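The structure appears below as structure tokens.
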Amino acid sequence: MTEDRSAAEARPAPGHAVPATVAVIAAWAWRLVAIGVVVYGVVWIVGALKIVFLPCAIALFLCALLRPLAARLERKGLPPLVATWVTLLVALGVVGGIGTYVGIQANEEFPKLVSEVQVTSRQLQHWLENGPLHVKHSQLQNSLDDGVSYLEKRRGQLASTAVQASTMAAEVIVGFLFMLFVTFFLLKDGAQIWNWAISGMGRYRRRVDQAGRAGWETLSQYVRGTVMVAAIHAVILALALAILGVPLVAPLALIVFLGSFIPIVGILVGGGLAVAVTFGAKGGTAALIFLIVLVVEHQLESHLLQPLVVGRWVRLHPLAVIVSITVGGVLGGIPGAAVAVPVVAVLYRALPALRDSSDLAPAEPEPEPVPGTTGTLAPDPEPAD
């Protein structure tokens, strides 16, 4: 009787009871707050160590792109070390050759672009003054003077920007060397590194391994498919620019190729720049023709190439793509926008495998240490007798 009386006193009065809906919302609320704090902490750490995480992310993408070549060389009989070096040298040769060609063409054709832009500017000024708008010459001159004075007032800012650019160039060089270092070991020892990373998962190791392999397969197919689609996109637009006689075809094609790695947004930026250069060099008619080619080609890419090449592995709604790019851009700028879609695609494929508990492995005892091991990814070879 005493216990029943104390339990009745401990219960809240009916008027003060918390509704079940409010209790559920409160339970979810504090969990979401905890998740938000963790996510914010991870984003802050990545932002603070971007000089480390960004080269690692690029190295992971490069490994997904170059791994088939290294594996084929290994199947031909080359040792893993030699196959890795050959793969990296081929990749550096291709990138270096393209960069050299783009730089040479930009240096040779930039003066031509400047002269053609000047001619187009005079034609545009003549049309504004004598066309249907009837803009006065004084108004145009005042606009030009305002632009020049704007640049003069911000000359100090431009100088400080140049100093920041030199600092950024040093960071880029360091990041590039670090990226090559990480790419080399991912190509050579990727499987051993992954096995070592999941070696302490115990009974969850099989699920983590399945999720990781599903995510890696998605990332590999996404990177290779995107490179193929971006190359086709750049070649078609480069042919259109060459036929129209626009200068700087190679640099513009390279910008379009790199922009294709950011879905939807990249084509708007790269294609818009190409249209602007076409307008400045060849006038409105050529710019309109190129814009039509750009729109038609983009529609073919979105409805034919992307579903055939990438859509099998990455099935994301356009709204999910836009939201992912926006969130990635807010959190990480251009690099964040570039990696947002593949990250979401990898999580979309990996999480179901991680939640699947049908084949949960029993807990495995820790293996006994092997004599001669050093605690690294693989044991040292035993000495010969």
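The values are calculated or read from the model by the stated rules, or taken from the named source; none is laboratory data. Not measured: the values here are computed from a predicted model. Don't worry about glycine lacking a Cβ; one is built from the backbone with ideal geometry, like all the others, and counts go over all protein chains shown. Heads up: the accessible areas ignore ligands, DNA and RNA and are worked out on the full protein's heavy atoms, side chains in. Shrake-Rupley method; radii C 1.70, N 1.55, O 1.52, S 1.80 Å.
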From highest to lowest solvent-accessible area (probe 1.4 Å; ligands, DNA and RNA excluded), MET201, MET179 read MET201, MET179
From the Cα centre of the stretch 164-236 to that of the stretch 67-117, the distance in Å is 19 Å
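Would you mind putting 193-199, 251-257 in packing order, based on average other-beta-carbon counts within 10 Å, highest first? Mind dumping the intermediate values first?
Details: 193-199: 13.9, 251-257: 22.0.
Put in order of decreasing packing, that is 251-257, 193-199.
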To the nearest Å², the heavy-atom accessible area per residue of the stretch 245-287 with 1.4 Å probe amounts to 37 Å²
Expected field for ARG205, accessible surface area in Å² at 1.4 Å probe radius, rounded to 10, holds 90 Å²
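Would you work out if the stretch 41-103 is rounded, prolate or oblate? Take a ≥ b ≥ c from the square roots of the eigenvalues of the alpha-carbon gyration tensor; rounded if a/c is under 1.5, else prolate when a/b is larger than b/c, oblate otherwise.
Oblate shape, in that a/c is at least 1.5 and b/c is the bigger or equal ratio.
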Of every hundred units of 1.4 Å-probe accessible area on the stretch 174-267, the number belonging to carbon and sulfur atoms, as a percent, is 74 percent
